[in-house]
Amino acid sequence: MTALPFGAVPLVRRQLLARRGRTLAGVLGIAVALLLVLALKAIFAGMESRLTAFIDGTGADVIVAQEGVTTMHMTQSALAAGTVEAIAGVPGVASTEGFLYKGAFVETGPNGKSGIVALVGGGPVPNLIDGRAPRSGEIVLDRVLADTLGAGEGDVVRVLGARLRVSGQVEGTAAITGSFAYVARATLEQVLKVRNVVSYALVRARPGTDAGELAARINRDVAGVTASTRASFAASERRVVGDMSTDIVRGMILVGFVIGVAVAGLVAYSQVLAQLRDYGILRALGLSARRALMIVAGQVALLVLSGFVLALALTALLAAVLPELSATLVLSLRPVDVAQAAAVAGAVALVAALVPVIHVVRVEPASVFRRTS
Amino acid sequence: MEGGRVPVARRQLLAEPAKLVAAVAAVAAAVALVLLLSGLRRGLGEQVTTYLDRQPPVLVGQAGARDFLSQTSVLVPGTVARVARVPGVADAAPVTEGYAMLNLHGKRVLALLIGYDPGRRGGPWRLAAGRRPASLNELVLDRVLADEHGLAVGSTLRFRGAGLRVVGLSSGTSGFMTPLAFTTRATVNAMNRQPNTASFLLVTPGRGVAPDALERRINAEVPGVSAILRDRLAANDRDVFVGAFSGPLLAMILIAAAVAVLVIAITVYSSTRDRSREYATLKAVGLGRGALLRLVAAQSGAVAVAGTALGVVLAVAASRSVPELAPKYLIVVTSSDIVRMAVAALLFALAAGFVPARYLAALDPASAFRR
């Protein structure tokens, strides 16, 4: 018997479109499973970008911390004033500026609202959108926190027991873990009762001096410090989120994979069961087992691909909508995370196709003539 | 016709066991995910107060202190002495604590470093190996954290320019976000370049002295400090840590719930479509619309109940195996979580059961005889 030209008939598409409701539900299910992976990664990526808002905005070429310290968030660092002077003396350094960095709460009153902040005493105030940099007894808040507290310019807030007047607002630092707030270094020194100690030093290089070389020179010439270029310090800071969320992300990928396999497998299997008689007819007309297998695999692949594209679209939608609902929830979709979700989708497709493929390959061409129901 | 005598719903479900298994597995995965995420959130809250839960009922920090973990607090020596002299204070043990971002094998690992005075309150309460720190740069590390990173008694850990020698391993001090490490207060103060200071005082009330009364007395008599009850401080810590994760966690839970609804709907709808001829026959022999809907609802309910039961078993098994497999995590699945999940699953089933309702209503009984 001569085989019919099955290649000319879009069997995969037709079979999927024959039961649109089920296909749509399957695509939606796979999309939601992949959304679990993509949304979680996007949330963590969003957190990373906000963590480095201050570092990115300092304009420093090199950031110097206590020896062994390469992060700022949830980190303690202390440099003696003499150390900062020693850094200033390193060839190639144009200027140094020390600042204090501490975790604190900003409160509007004894029983009022509060918000957690990374309190920076001294140094630049990046992304100032309103008012002015803080003078003694003043504080600059992120706009999101200021709105939450209802604290406008001129209002008084309490920080570490001290009353500070709001002098301005910055933007772009609010994340679910908190935001940045800025005070004068003398103010924070007074509140914390510290003298001649800073947490970090910001270093500007002389024109023509490479930041990497300068960092290496500071590490060599000054004892008890770790100097990093701004870029490498920011990268190290971003890795804090990645390192601390690795297990959670892995768990979510596993769950997304299981749900994706179950949904894709369920839809593909239902589809095949419903079309078993069609496959019998096709096999009787000369469709090879290999070709039948490819049709099923094609269906699963198309389902998963559509689910993946929909998941991407939903994540992009969430990234656009969520910040409007909660200014601290920022989502950032990175190519590496998309590639990871694509790999999960590929694995889902492979595993989900197994059972229906076995079923179709086992269909006997003659079975179609045996019953008439 | 008395359709109730024939177990149609059960027979239809069991006719395709593979499909049923996949549907139940997917619902179970979604249910288990919701329970585990909720349990992880609760466990996180319990872990962040592991240290505080072992301390006396009143703590004193810098004025404005309301949080033990995330807030800076500095008490100078004079203040420490003044608090110790307040009537009703049996003991005021100073500790200097703070986050320690350890760099272990190139990976950042967050811990809570407690600096206490040897021989006084504030140190490790149970040792798995070695001894307590007695002098400068000696360290007791949480056993689970040490195991994970190949550290043991005798190891040296570089931290903030100091070489900390591990002299002991503590147990009951692990945590996903804040495993504990202990050293002397002098060691932490030296790293902070703030000698003789403390961040908090652990205040033990005298016999017969109520903690809340002592809290008020200290706040009234000592300027520049905040006395706060341990339980309130712990609640504030939990709010900060757990609250930060509430938004993303809620989003994940909603997504998982959507998956559960969708899976039940796919199963019931595809089963209904595939059996249109059977349903048309049942309609033709007199089964009413309500009875047909009940038939479908029974199927979706069965998938929901089986999936939820399996999901609960998986979640409970996972939470029980966590202490062995990944001891730094704590997943607390409570019976109220399970009840809430069961109710939600039944609501999911109800929602999914409505999907084929319109199709069934429009199904022509005569179609049973057409082919």
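The residue that is surrounded by the most Cβ atoms within 10 Å (Cβ to Cβ), counting only those in the stretch A:262-273 that are more than 8 Å from chain B (Cβ to nearest Cβ) and among the small types (Gly, Ala, Ser), is A:ALA264. Within the stretch B:98-129, the residues that satisfy the criterion of being more than 14 Å from chain A (Cβ to nearest Cβ) and not in a loop (DSSP other than H, G, I, E, B) are B:TYR116, B:LEU127, B:ALA128, B:ALA129. Can you find, within the stretch A:240-261, the residue that is nearest to the other protein chains (Cβ to nearest Cβ) among those that are touching a residue at least 60 places away in the same chain (Cβ under 8 Å) and farther than 16 Å from A:ALA342 by Cα? Once the filter is applied, the top-ranked residue is A:VAL240. Of all residue pairs spaced 6 or more apart or on separate chains, none has beta-carbon atoms under 6 Å together with a first member in the stretch B:66-85 that is within 18 Å of B:GLU215 (Cβ to Cβ) and facing chain A (nearest Cβ under 9 Å) and a second member that is charged (D, E, K, R) and assigned to a loop (DSSP other than H, G, I, E, B). Restricting the stretch A:211-261 to residues that are in contact with a Gly (Cβ under 7 Å, 6 or more places away or on another chain) and part of a helix (DSSP H, G or I), the residue that is most open to solvent (accessible area, probe 1.4 Å) is A:ARG217. Whether any residue in the stretch B:135-158 is closer than 13 Å to B:LEU104 by Cα, out of contact with any helix residue (DSSP H, G or I) (no Cβ under 9 Å at 6 or more places or on another chain) and among the polar types (S, T, N, Q) is what I want to check. Within the stretch B:135-158, one or more residues are closer than 13 Å to B:LEU104 by Cα, out of contact with any helix residue (DSSP H, G or I) (no Cβ under 9 Å at 6 or more places or on another chain) and among the polar types (S, T, N, Q). The residues on offer are A:VAL336, A:VAL355, A:VAL272, and the sole one that is within 31 Å of the chain's Cα centre (by Cα) and β-branched (Val, Ile, Thr) is A:VAL336. In the condition set (1) over 30 Å from A:SER77 (Cβ atoms); (2) in contact (Cβ under 8 Å) with a residue 60 or more places away in the chain; (3) more than 9 Å from every other protein chain (Cβ to nearest Cβ), A:THR229 is compliant with all but (1).
Check A:GLY89, A:GLY115, A:GLY98, A:GLY68 and return the single one that is at positive phi and modelled with pLDDT of 85 or more. Testing whether each residue is at positive phi and modelled with pLDDT of 85 or more leaves just A:GLY68.
Restricting attention to strands (runs of 3 or more DSSP E) lying wholly within the stretch A:26-130, give those where 2 or more residues are more than 28 Å from the chain's Cα centre (by Cα) and of a type in the set (S, T, N, Q).
Values: elements: A:62-66, A:93-107, A:114-121.
Once the strands (runs of 3 or more DSSP E) in the stretch A:26-130 are filtered for at least 2 residues that are more than 28 Å from the chain's Cα centre (by Cα) and of a type in the set (S, T, N, Q), what remains is A:93-107.
Every residue, every condition in (1) away from chain B (no Cβ under 14 Å); (2) among the polar types (S, T, N, Q), yes or no:
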residue: A:THR70; (1), (2): no, yes
residue: A:SER77; (1), (2): no, yes
residue: A:ILE87; (1), (2): yes, no
residue: A:PRO91; (1), (2): yes, no
residue: A:GLY112; (1), (2): no, no
residue: A:GLY122; (1), (2): yes, no
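In this structure, is A:ALA8 at pLDDT below 95 and within 14 Å of chain B (Cβ to nearest Cβ)? No. Here B:ALA129, B:ALA152 are screened, and the one residue that is modelled with pLDDT of 95 or more, farther than 22 Å from A:GLY68 by Cβ and surrounded by fewer than 23 Cβ atoms within 10 Å (Cβ to Cβ) is B:ALA129.
Residues that are open to solvent by less than 10 Å² (accessible area, probe 1.4 Å), facing another protein chain (nearest Cβ under 9 Å), in contact with a Leu (Cβ under 8 Å, 6 or more places away or on another chain) and not aliphatic (A, V, I, L, M) are absent from the stretch A:40-60.
Sort out which residues of the stretch A:324-351 are among the hydroxyl-bearing types (Ser, Thr, Tyr) and open to solvent by less than 20 Å² (accessible area, probe 1.4 Å), and write them in order of number. Please lay out each step first, then the result.
The initial filter retains those residues of the stretch A:324-351 that are among the hydroxyl-bearing types (Ser, Thr, Tyr), namely A:326, A:328, A:332.
Answer for the stretch A:324-351, where residues must be among the hydroxyl-bearing types (Ser, Thr, Tyr) and open to solvent by less than 20 Å² (accessible area, probe 1.4 Å): there is none.
A quick yes/no check of all residues on (1) among the hydroxyl-bearing types (Ser, Thr, Tyr); (2) in contact with an Asp or Glu (Cβ under 9 Å, 6 or more places away or on another chain); (3) within 12 Å of chain B (Cβ to nearest Cβ); (4) touching a residue at least 24 places away in the same chain (Cβ under 8 Å):
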residue: A:SER136; (1), (2), (3), (4): yes, no, no, yes
residue: A:THR187; (1), (2), (3), (4): yes, yes, no, yes
residue: A:VAL194; (1), (2), (3), (4): no, no, yes, yes
residue: A:THR209; (1), (2), (3), (4): yes, yes, no, yes
residue: A:PHE233; (1), (2), (3), (4): no, no, no, yes
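Residues in the stretch A:137-156 that are open to solvent by 20 Å² or more (accessible area, probe 1.4 Å) and assigned to a strand (DSSP E or B) were compared, and the one that is farthest from A:SER114 (Cα to Cα) is A:GLU138. Here B:ALA260, B:ALA227 are screened, and the one residue that is in contact (Cβ under 8 Å) with a residue 40 or more places away in the chain and either within 22 Å of A:VAL261 (Cβ to Cβ) or surrounded by fewer than 18 Cβ atoms within 10 Å (Cβ to Cβ) (or both) is B:ALA260.
In the set (1) closer than 30 Å to A:ARG143 by Cβ; (2) away from chain B (no Cβ under 14 Å); (3) outside any helix (DSSP H, G or I), A:ALA316 fails one condition alone, (3).
Could you check the stretch A:328-352 and list, in sequence order, the residues that are among the hydrophobic types (A, V, I, L, M, F, W, C) and away from every other protein chain (no Cβ under 13 Å)?
To start, the set of residues in the stretch A:328-352 that are among the hydrophobic types (A, V, I, L, M, F, W, C) comprises A:329-331, A:333, A:336, A:338-339, A:341-345, A:347-352.
Matches in the stretch A:328-352: A:LEU333, A:VAL336, A:VAL338, A:ALA339, A:ALA341, A:ALA342, A:ALA343, A:VAL344, A:ALA345, A:ALA347, A:ALA349, A:LEU350.
Restricting attention to the stretch B:168-191, the residues that are modelled with pLDDT of 95 or more and within 12 Å of chain A (Cβ to nearest Cβ) add up to 4.
Within the stretch A:352-368, if we keep just the residues that are open to solvent by 60 Å² or more (accessible area, probe 1.4 Å) and either over 16 Å from A:LEU287 (Cα atoms) or outside any helix (DSSP H, G or I) (or both), the residue that is modelled with the highest pLDDT turns out to be A:LEU354.
The set of residues in the stretch B:73-97 that are in contact with a helix residue (DSSP H, G or I) (Cβ under 7 Å, 6 or more places away or on another chain) and either modelled with pLDDT under 90 or in a strand (DSSP E or B) (or both) comprises B:VAL89, B:ALA92, B:PRO94, B:VAL95, B:THR96.
The values are calculated or read from the model by the stated rules, or taken from the named source; none is laboratory data. Values in this document were obtained by computation on a predicted structure and should not be read as measured data. No Cβ is skipped: glycine too gets one built from the backbone with ideal geometry, and neighbour counts run over all protein chains shown. We work out accessible area using only protein heavy atoms, side chains counted, and drop any ligands, DNA or RNA first. Shrake-Rupley method; radii C 1.70, N 1.55, O 1.52, S 1.80 Å.
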